[in-house]
Amino acid sequence: MRFEPIERLEEVASTNDYLLELARQGAATGTTVVAQRQTRGKGRLGRAWHSPEGGLWVSTLLRPENPAGVTLMGALASCLTLESLGFEPKIRWPNDLTLEGRKVAGVLGETRLSGARCEFVVLGLGLNIHQTEFTNELKSLATSLAQHSSQPPQRETVLEGYLHQLSQLVNRSVEQLVEECRPRLELVGRRVTLELGEEKLEGTFQGLDPDGGLILEGGRTFYSVDRLRPA
Ligand code: BT5
């Protein structure tokens, strides 16, 4: 599958929102939007995504039959891209990439269903490349490629690698994606805190089930959490 056309914007509120609108108007599968900066970048659950110039802010349009593995696919594609560029990222389930425990990228998959059928998914990736400073709120949590390399790659190089990896992964089953994610997961075997709304749970992270759910010690499995942190 090819990821084109690629629409390049200087500034946009959110590449995901922009592409959701194009998708509603019938844009082709593979359509990709990339922006130099976002003024209202989105994380999950209404959270904000800080997107100044210097990062890769990109969204791609997919029409999978089964959207279940799409978030993991985005995390895996970006992980493989950074590996091929010489970094040692980890996947923090379900949608983050970390470098030495700090978040370098986040994935936001937004699915539109028509009845039980998946109409489309907009898969967004935010990856910090050249930023050298973060806001006070993010300072202890976030990092960028520039903080791990004296010669961070160009945005175009990261984009090209990511779209190539996505094109290789797009036909994999959820089970295959989970298999490839397993050795790259952060915090397996460690005590973690799961936040689910008001509830906080602590336990040892045992691994992923074949559908990509997180297995906590005792066997409880979670398919989505608000946040996963080291305990
Ligand atoms: C995510 O949400 O990690 C998904 C981020 C997806 C961003 C892309 S950019 C292209 C596309 N267009 C969009 O509008 N969005 C997508 P979540 O797991 O909810 O994490 C959000 C949390 O990450 C925030 O509450 C902050 O704590 C932290 N955060 C915000 N900006 C960050 C940044 N630039 N780097 C690292 N952490 C950040």
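A few points about this structure:
- Straight-line cross-link partners of Lys139 among the lysines, defined as a Cα under 23 Å from its Cα and at least 8 positions apart when in the same chain: Lys42, Lys90, Lys103.
- Under 5 Å, built H, 5+ apart or other chain: amide partners of Asp226: Glu195, Leu196, Gly197
- For Gly46, the shell of other residues with beta-carbons less than 12 Å away shows a net charge of +3, using +1 for Lys and Arg and -1 for Asp and Glu.
- Pair-distance profile P(r), taking every C-alpha pair of the chain, with 10 angstrom steps and integer %: 8, 34, 38, 18, 2
- In region 141-219, the convex hull through the Cα atoms has an average projected area of 7.5 nm², a quarter of its surface area.
- Volume of the Cα convex hull of region 1-63, divided per residue and given in Å³: 87
- Counting only the Cα atoms, region 94-134 fills a convex hull of 77 Å³ per residue.
- Cα-based equivalent ellipsoid, region 1-137: semi-axes from gyration tensor eigenvalues, Å: 24, 17, 14
- Mean-position separation - Cα centroids, region 119-190 and region 1-72, in angstrom: 14
- Relative contact order for the chain: 17 percent, from Cα pairs under 8 Å spaced at least 6 residues apart, divided by residue count.
- Across region 123-187 the C-alpha pair distances fall into 10 Å bins from zero in the proportions 16, 36, 36, 12, 0 percent.
- Evaluated over the Cα positions of region 60-127, the convex hull gives a direction-averaged projected area, one quarter of its surface, of 4.4 nm².
Values quoted throughout were computed directly from the atomic coordinates according to the rules given, and no laboratory measurement underlies them. Everything quoted here is computed from the prediction, not taken from an experiment. Using ideal geometry, Cβ is built from the backbone for each residue, glycine included, and neighbour counts are taken over all protein chains shown.
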